[in-house]
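Please treat every number below as a calculation from the coordinates, not as lab data. The structure presented is a predicted model; accordingly, all values stated were derived computationally and were not measured. Cβ placement follows ideal geometry from the backbone for every residue including glycine, while neighbour counts extend to all protein chains displayed.
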Amino acid sequence: MTLNIPTSGQTFVAGDNITLAAAATDLGGSISKVDFYQGSGLGATDVTSAYSVVWNNVPKGVYDLTAKATDNSGLSTTSAVVSISVANSPNSVNKAKGHAGSLAQVAQQALYTGAADGGDGATNTTLASDITALTADIQQAYTEFEAEAGVFGVSTPAIDVQLRAAILFSKASTGLAMKVPLSQNIKNNLLRIGAHLAIAEDLMRYGIITKATADQAVATGARTNIVIGQANMGYNLAAVSSVAPASLASISGAGNVQPMVSQTSFASLLANGSAPYEVGGLSVTVNGVAVPVLYASPWGIRFFMPGDVPEGTAEVIVSSQDGYVCQGLISVERNASRILTDSEDENSIAVATNGQKGTAPSFDVTTAENFGADKRTRVNFFATGISGSVYNTDSSNDVQLNGQTRVNLAEGITIEARLGNGQVLNLPVEFAGAQGIVPGLDQITVILIPQLKGAGTVQLTLIIGGRRSNAPTISIK
């Protein structure tokens, strides 16, 4: 007596109809009936060979099944137990997939008010709200999958990464919709999300990716081998650090299995001087809201951390139209700063110019070309982290330029110059504040004092609220 359908360890989907079949023979007589049991309860009986019954609309659960054959003399034999699992998560994934498909269709038809001509705030709010609901559906499916993960065997890791990719692309799309009109890339993301969910559902139901789903993945740019990268962040591509609001931050994907974007692209600033929210099809969201991007490459990104991002730990998601996605956490803290250098080495040569003569390999402490009697050299160098950290407590030193006021935060910072012999001098700061062209870039203008003459290599350190920056160098004759 054998219960041979289903087999032990098989997984089904809640709501499916499951056929139970048994092989039963009696050498000395005939089989009069076969009873099928779920646990100790009688499910159904079949009196006709081949012996089978259909268990309709099976609910979620783990079941121990047996079959008992009874012959014409009343003797009976019970089969070995067959254990099966019935999971609900494929249904939840299917629901989310349908939601993504319907949103993609609406987006494709530009049915959101104003979408055809670029949209407005209300349009973006509506779209963002709808995609947020989609994210909740995918998250629910992922929660159910986690509870049932043990039933999917060797497919479990691949299902996990496909569902997490769908969540991240959905979050990224919400963040983008909050900042830009309905764009082709948001539509593409919705289609891509649907493909990731289809892959997960196939792996749950069949243990393989069907040809139809594989074709869907190719058409939508969804990667069947997706790897969620680790986004390491700070001021420097080579080191993790905290960053201040209203500063230039970096994301490194070095060491990831897959890149963050296929090609290197640079942003073109918009007419109002701001940076775009997408560069080369890549976007960055911080705490669920897209932020301006200045540069994107396979292993490095520069973006603007807006001034309204609250202090604390923030989630960052990087998504690209090449089908890649990365995730990480960044610490946002006031007074974190960095002086820019000519390389990614924190303490290499500072990017600095003579305020009157332009770039120079080294600086004299005086500049004859200065207008007026004050011939002390002004050195301009560049940093980030000042504008989002220092309060303007002295507006009397603000600068008027072309009819506009440039806030001067010089009173809130200190610049140390450390000489080769260990002596430390504080340099007079004439200006510290937004450079005015590149978002997040600050300019500092200091005066070289006579004590620096002949100092050679000097380390500069920016101090805000007692917190020290990196210490790059300049050369002084």
Next item on the list: Name the residues whose placed amide hydrogens come within less than 5 Å of the amide hydrogen of GLY300, ignoring near sequence neighbours (fewer than 5 apart) on the same chain.
Entry: GLY253
Next item on the list: Would you kindly give the portion of the calculated P(r) for the stretch 405-468 that falls above 15 Å, as a percent of all Cα pairs?
Entry: 55 percent
Notebook entry, point to check: Can you give me the relative contact order of the stretch 338-476 as a percent, contacts being Cα pairs under 8 Å and 6 or more apart?
Noted result: 28 percent
Notebook entry, point to check: Which residues in the stretch 405-427 place their backbone N less than 13 Å from a point set 7 Å from the Cα of ASN347 along the Cα-to-Cβ direction?
Noted result: 418-420, 422
Notebook entry, point to check: If R0 is 45 Å, what FRET efficiency do you get for SER395 and ALA238 from their C-beta distance, rounded to 0.05?
Noted result: 0.75
Next item on the list: Kindly express, to the nearest 10 degrees and within the range 0 to 90, the angle between helix 89-108's C-alpha long axis and the longest C-alpha principal axis of the chain.
Entry: 50 degrees
Notebook entry, point to check: Whole number please: convex hull volume per residue of the Cα set in the chain, in Å³?
Noted result: 185 Å³
Item checked: Distance in nm between pseudo-label sites at GLN356 and SER49 (7 Å out along the Cβ direction from Cα) -> 11.1 nm
Item checked: Cβ-defined net charge surrounding ILE447, 12 Å radius [Lys, Arg +1; Asp, Glu -1] -> +1
Notebook entry, point to check: Which pairs in the list LYS357/LYS477; LYS97/LYS171; LYS68/LYS95; LYS97/LYS211 are over 27 Å apart, alpha-carbon to alpha-carbon?
Noted result: LYS68/LYS95
Checklist line | Potential extension, LYS477-PHE266 segment - 0.36 nm per residue separation minus Cα distance | finding: 72.3 nm
Next item on the list: Would you compute the Debye intensity of the stretch 279-348 from its alpha-carbon atoms alone, equal scatterers and no solvent, and pass along log10 I(q)/I(0) at q = 0.23 Å⁻¹ to two decimals?
Entry: -1.14
Notebook entry, point to check: Any idea what the relative contact order of the chain is, in percent, if you count C-alpha pairs under 8 Å spaced at least 6 apart?
Noted result: 10 percent
Next item on the list: Can you tell me the relative contact order of the stretch 88-220? Whole percent, Cα pairs under 8 Å, sequence separation 6 or more.
Entry: 35 percent
Item checked: Contour minus Cα-Cα distance for GLU411 and THR78 (0.36 nm per residue) -> 111.0 nm
Item checked: Calculated FRET value between THR25 and ASP215, using beta carbons and R₀ = 35 Å, to 0.05 -> 0.15
Next item on the list: Rounded, prolate or oblate: pick one for the stretch 338-476, where a ≥ b ≥ c are the square roots of the eigenvalues of its C-alpha gyration tensor, a/c under 1.5 means rounded, and failing that, prolate if a/b is larger than b/c, else oblate.
Entry: oblate
Note to self: What is the angle, in °, between the Cα long axis of helix 121-148 and the longest principal axis of the Cα atoms in the chain? Nearest 10 is fine, range 0 to 90.
What the structure shows: 50 degrees
Next item on the list: Mind pulling the angle between the C-alpha long axis of helix 184-205 and the longest principal axis of the chain? Nearest 10 degrees, somewhere in 0 to 90.
Entry: 40 degrees
Notebook entry, point to check: Over the C-alpha atoms of the stretch 88-220, what are the Rg and the largest Cα-to-Cα span, Dmax, in Å?
Noted result: 15.0, 49
Checklist line | Rg/Rh for the stretch 229-332, where both radii come from Cα atoms and Rh is the Kirkwood radius | finding: 0.93
Notebook entry, point to check: Rounded to the nearest 500, what is the chain's calculated 222 nm mean residue ellipticity when only DSSP H runs of at least 4 contribute -39500 (n - 2.57) each, over all residues?
Noted result: -7500 deg cm²/dmol
Margin query: Could you work out the pair-distance distribution P(r) of the stretch 141-299 from its alpha-carbon pairs, with 5 angstrom bin width and percents rounded to whole numbers?
Written below: 1, 8, 15, 19, 19, 14, 11, 7, 3, 1, 0, 0
